[in-house]
Every structure is written in structure tokens, then in C-alpha cells.
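Undergrad: The structure follows.
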Amino acid sequence: MKYNRSLAFPKRLRLSARAMPMPMPNQRRRRLKKLNGGIRKLKWDMVEISEEQKEIKEGQRQVREKFEAIESQYDQLRKETNQIMHQTVNTQIRLALMFQILKARENHDSHTAAKLTSALRELIARENQQRSVSSNQG
């Protein structure tokens, strides 16, 4: 049996290099306009997205600056609060010593009153020395 090529691949099933027919000039122009319009829209969208990203970065920078300012204020308030607490404790100690001095004087205990007065003077001198050291550092 002889091989017949025309029977194996009929003409209508043969594939050509051009699968789709060439569009008419008007169709081609419309497609190009549509494609160019799509490209312009994409470029415009990219510009808008870029501007939005810049605004977001600027907003993040502002938030970061505000956060840092708040953090700095927090640190300052914490230092001031600790200083006030320390001063309050020292004031309570001085008041307690003064009260004990008064009680000792009421009881005519001059020896105890002298010891307490001396302790109060030392405490005040130490506090003044600490203040002068801290004011020289700050």
C-alpha cells in the first residue's frame, strides 16, 4: 500500500504560519488607540500610586517624630517625678526629725535633742551637697 499524503493531512486541517487573519486597517487603528489608552491609564495610575506612597511616607515620618517627642516628654516627666518623690521622702525625714526634736525638748531631754539637731544639720548639708553636684552636672 502506497502512502498518500493528501489523505493523511487534508488541506483544510493544515496550519498556516498566520493563525488569525490580518485585521483591516481601521481595526488595527482602533486596537492601537485602545492599547495606547490603556497604557496612558496605567502610567497615570502609577503616578497616582507614587504620590500616595510619598504621602504615606511623609505621614509615617510625622508619626515617628511625634512619637519621639512624646517619648522624650515621658522621660523628662519620669525624671521630674522621681526627683519630686526623692524630695518628698527627704522632707518627711526632716519633719520627723524636727518633730522628735520638739518632743525631746518638751521632755527636757537636751542630750537627745542635740543628737537629733546634729543629725538634721548633717542631713540638710548632705542634701545641699547633692543638689550642688547635680546642678553642676545638669
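Undergrad: Among THR112, THR117, THR81, which comes first, then next, by fewest other beta-carbon atoms within 10 Å?
TA: Going from sparsest to densest Cβ surroundings: THR81, THR112, THR117.
Undergrad: Per residue, how big is the convex hull around the C-alpha atoms of the range 44-126? Give it to me in cubic angstrom, could you?
TA: Hull volume over Cα atoms, normalised by residue count, gives 62 Å³.
Coordinate-derived values only; no laboratory data. None of the values given here were measured: they were computed from a predicted structure. As a convention, Cβ positions derive from the backbone with ideal geometry for all residues, glycine included, and neighbour counts pool all protein chains shown.
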